[in-house]
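> Handing you this structure, nothing more for now.
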Amino acid sequence: MQLSLLDPSAPHNRTETSIEAAIAAKPNIGKGQRIVLDAISNAPNGLTRDELNLITGLPTATICARCNELVKQGKLGCQMVFDESKKPSFVMKKITRVTRSGKKAEVLFAKP
């Protein structure tokens with residue numbers, strides 16, 4: 001197993017067995033992250049943060065914080081599509097949907 005001393009984990013004494021134990025003890029994702037990840041995992045078309053608020057009832061600030069954490073962990077992300085309106089050269093853009101406020105918001109998808 002390739003171990004890194006930079007792995008974010010529990011404290012260790014830098015020996016291989018101590019590092020392995022620290023990684024194993026690393027806490028799983030929190031309750032809020034689990035709620036957000038489960039909701040998005042069960043949504044084949046992904047969800048915006050606004051839709052997550054409606055589905056889970058969690059406050060928007062909590063949703064945003066948990067989504068940002070999950071994106072940084074590589075568990076959530078956006079999907080890109082070609083924007084054909086930019087002819088003749090095609091550009092990639094994030095998939096978005098309109099929220100209750102009438103503004104476009106990125107759609108988040110669970111990563112495998």
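The numbers here are math on the coordinates, done by the rules we state, and not lab data. Everything numeric in this text was worked out from a predicted model, so none of it was measured. Heads up, the Cβs are rebuilt from the backbone with ideal geometry, glycines too, and the neighbour counts pull from every protein chain shown.
> Which order, highest average first, do 93-101, 46-54 follow once you tally other Cβ atoms within 10 Å for each residue and take the mean per peptide?
Numbers: 93-101: 13.1, 46-54: 19.6.
Ranked from most to least packed, the peptides come out as 46-54, 93-101.
> I need the calculated FRET efficiency for the pair ASP83 and LYS111, taking r as the beta carbon distance and R₀ as 22 Å, to the nearest 0.05. Spell out each step's value before the answer.
Numbers: r = 22 Å, r/R0 = 1.02.
Plugging the Cβ-Cβ distance into 1/(1 + (r/R0)^6) gives 0.45.
> By how many nm would the segment from ASN68 to ILE95 lengthen if fully extended, with 0.36 nm per residue of separation less the alpha-carbon distance? Numbers along the way, then the final one.
Values: separation 27, 0.36 × 27 = 9.72 nm, distance 1.70 nm.
Once the chain is fully extended between ASN68 and ILE95, it gains 8.0 nm.
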